[in-house]
Each structure stands twice: as C-alpha cells, then as structure tokens.
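Written below as structure tokens is the structure these notes are about.
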Amino acid sequence: MTLAFTLCSVNYLAQAHTLGDSLKKHNPDFRFVIGLVDKLDTKDIDTSKLPDYPLLELDKIQIADLPGMCARYDITELNTAVKPYYLDYFLRNNPEATNIIYFDPDIIVFDKLTHLEESLQKYDIVVTPHTTTPYNDTKWQNEEDIVNTGVFNFGFVAIRRSDSARKMVDWWCQKLEKECLIDLCNGLFVDQHWADFFPVYFDNVLINKHLGYNVAYWNLHERICTEKNGRWFINNSTALQFFHYSGYLIAKPNEVSKYQNRINFEDRPDIVALFELYRNELLKNNELYWKHFKCDYIKPPKIKRYLRVRKYLKLPLEKLAQLVES
C-alpha cells in the first residue's frame with residue numbers, strides 16, 4: 001500500500017484539500033492523510049468545510065520535545081521540522097504502508113504515479129533536484145539562491161520501507177529537532193540543506209531528474225507545459241506528474257510566485273491554464289474561509305527586532321546586500 005501525506009496548519013487546508021482531490025482522481029488506490037500542524041478544537045470551525053480526508057493532528061504523533069520546537073520555530077519552520085517525525089509515525093503505526101510519499105500542500109498531481117511506484121521498487125529514497133540545467137540569466141531565482149536554499153526541493157520526498165529509509169528518517173528527526181531554521185547567515189534553510197546529505201549518507205537514493213516531477217518556477221526555464229486531450233505534458237513528450245505552485249497567492253493572480261521574477265504569464269502563456277485551474281480549485285475548496293485562521297502552535301513575536309530579522313533573512317540575497325551596503 002502507498003500512503004501519501006502533506007503537512008499544513010488550518011490556514012492552508014484549501015491547498016491540502018486540493019492536493020488530496022488530485023491524488024484521489026489519478027491515484028485512487030493511495031491512502032491520503034493531512035498532517036495538521038495545528039489544533040481543531042480551539043477554533044470555531046464550520047466542520048462542513050473540512051476536507052474529507054483523515055486529519056492527523058501534531059499532538060497525536062508523540063514528539064518528545066514538541067513544546068521546545070514550538071517555542072523556537074516560526075510557522076514555516078515548524079511545519080517543515082515535523083516532516084520526518086510524521087514519516088517516523090507512519091513507519092511505526094502503518095506496517096501495511098510499503099511506500100510513503102510526502103507532498104507540500106501547494107501541489108497538484110496530474111497523472112497516475114506509476115513511474116514513482118516503479119522507482120520505489122528499486123530505490124529506498126527518491127528526491128528531486130530544483131533544476132537539471134543551468135540558468136542563463138541573472139534573474140531571481142538563480143544558482144546562488146539554490147546554493148543557499150538546497151540542491152533538492154523537499155516539497156516532495158518518497159521512501160520505501162527499508163533499513164536505509166529508517167536510518168534516514170531517524171537522522172533527519174535528530175537534525176530538525178533544533179536546526180530547522182531559516183538562518184541563511186549560518187547556512188540553514190529549514191530542512192533542505194540537511195537533506196542534501198541523503199545521497200551521501202544513505203544507500204539506494206534516487207536523484208530523480210524526470211522532467212514531470214516537481215515542476216515549479218525554479219525549473220520552468222527548462223520545461224514547457226502543453227495540454228493534449230486532457231493530459232498535460234512537459235516539452236511535448238514527458239507526462240506531467242505533479243506541479244508545485246510554490247509562492248502563488250490567489251490575492252495576486254497575475255504573479256506566478258512571490259519568490260521569483262524570472263517567470264511571468266505574459267512570456268509563458270503555456271502555464272496560464274495550469275494556474276487558472278489551481279486558483280479555481282482553491283476557491284472551490286474554501287481558500288477564502290481557511291486563510292484567516294491562526295495556528296495554535298505559533299506565538300506572536302514579542303519584539304519588533306525579531307520581525308525585522310525574519311524579514312531580512314527572507315529577502316533575496318542581492319536585495320539584502322544592497323540594504324547592508326546602503
């Protein structure tokens with residue numbers, strides 16, 4: 001059995017719902033679970049709007065130092081830090097799950113994931129690089145940004161139940177307990193740099209360069225999207241497996257992603273329909289309702305300096321340098 005899961009707080013339930021619907025459409029034999037990094041019973045929620053998928057709340061997976069993690073992490077860091085802990089939970093409590101796949105909530109699956117299941121018959125861990133070819137301009141995002149944020153994108157990772165995957169999960173949990181920070185000055189960007197070690201530390205790891213995986217703003221320079229008879233393809237030949245809408249906001253429908261300035265809809269009409277589809281699915285799944293809820297685990301910062309530091313750390317490196325020099 002293949003178990004797929006995502007992680008989000010209540011404010012991202014529309015995204016998780018949309019991901020689940022796409023998995024159900026193309027891979028109905030998968031079991032899908034939403035790991036909820038939040039609490040439901042503290043909120044006045046219209047339960048009729050909840051997605052019809054299991055919701056596994058964070059306090060149910062028995063993380064020993066959960067209070068400490070909540071105290072030191074912001075909402076992005078915490079949602080990322082608990083990823084291997086959920087993998088550990090599923091390995092321990094779902095012995096029938098041969099394969100476990102993690103997807104970020106802002107992903108839509110567009111095909112039956114036969115290629116991935118075949119890969120997991122041969123490999124214990126599957127990861128995807130941000131890009132497989134160089135950039136040829138100086139726009140943002142570029143190679144320097146990837147150096148600072150990680151070679152691989154861990155909006156996706158898949159494992160097969162095995163000794164190698166078990167060792168990886170244990171090591172990743174150890175690292176992310178205290179070192180899942182957005183702290184570029186100290187070489188940390190949540191879970192991503194730690195995961196760069198997977199092909200080195202652990203056996204039987206596939207670096208999957210399939211062009212249909214994890215398609216997003218960071219690799220659209222090498223991938224053209226085309227729809228044929230209701231199916232999407234990359235570069236006219238490779239079936240699109242899943243698209244990662246990282247940084248897309250329905251409040252700014254004319255922007256591909258808040259994290260970059262390379263890709264826009266004017267120059268890339270091939271992706272317009274993909275984003276219109278995503279926007280419509282989010283609205284159908286109550287994005288405007290869920291987006292205003294606050295996560296119970298994250299306390300507001302007490303001092304304004306903390307806010308300024310967070311803001312500067314998230315700036316593109318070239319903009320941060322300009323501020324420092326001015």
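The values are calculated or read from the model by the stated rules, or taken from the named source; none is laboratory data. Predicted model, so just to flag it, every value in this text is computed and none were measured. No Cβ is skipped: glycine too gets one built from the backbone with ideal geometry, and neighbour counts run over all protein chains shown. Surface areas here come from the heavy atoms of the whole protein model, side chains and all, with no ligands, DNA or RNA. Shrake-Rupley method; radii C 1.70, N 1.55, O 1.52, S 1.80 Å.
Scan region 7-55 for residues that are over 23 Å from Pro67 (Cα atoms) and of a type in the set (Ser, Thr, Tyr) and report the count. Residues that pass the stated criteria total 5. Counting only helices (runs of 4 or more DSSP H) that fall entirely inside region 1-115 and contain at least 1 residues that are open to solvent by 30 Å² or more (accessible area, probe 1.4 Å) and within 18 Å of Ile159 (Cβ to Cβ), the qualifying elements are 83-93. Among the residues here, Asn136 qualifies as surrounded by fewer than 22 Cβ atoms within 10 Å (Cβ to Cβ), under 30 Å from Cys185 (Cα atoms) and over 18 Å from the mean Cα position of the chain (by Cα). Would a scan of region 182-196 turn up a residue that is more than 19 Å from Ile101 (Cβ to Cβ), modelled with pLDDT of 90 or more and more than 17 Å from the chain's Cα centre (by Cα)? Checked region 182-196: no residue is more than 19 Å from Ile101 (Cβ to Cβ), modelled with pLDDT of 90 or more and more than 17 Å from the chain's Cα centre (by Cα).
Criterion applied to Arg92, Arg31, Arg72 was being out of contact with any Pro (no Cβ under 6 Å at 6 or more places or on another chain) and free of Cβ contacts under 8 Å to residues at least 24 places away in the same chain, and the one residue passing it is Arg92.
Tell me whether region 268-276 contains one or more residues that are closer than 20 Å to Ser22 by Cβ, aliphatic (A, V, I, L, M), open to solvent by 20 Å² or more (accessible area, probe 1.4 Å) and in a helix (DSSP H, G or I). Looking through region 268-276, at least one residue is closer than 20 Å to Ser22 by Cβ, aliphatic (A, V, I, L, M), open to solvent by 20 Å² or more (accessible area, probe 1.4 Å) and in a helix (DSSP H, G or I).
Here Asp106 clears all of (1) more than 21 Å from Asn285 (Cα to Cα); (2) charged (D, E, K, R); (3) touching a strand residue (DSSP E or B) at 6+ places or on another chain (Cβ under 8 Å) except the condition numbered (1). From the list Lys49, Lys39, Lys25, the one residue that fits, being closer than 25 Å to Phe233 by Cα, more than 19 Å from the chain's Cα centre (by Cα) and of a type in the set (Lys, Arg), is Lys25.
Looking only at residues in region 142-172 that are part of a helix (DSSP H, G or I) and of a type in the set (Ser, Thr, Tyr), which one is modelled with the lowest pLDDT? Among them, the one singled out is Thr149.
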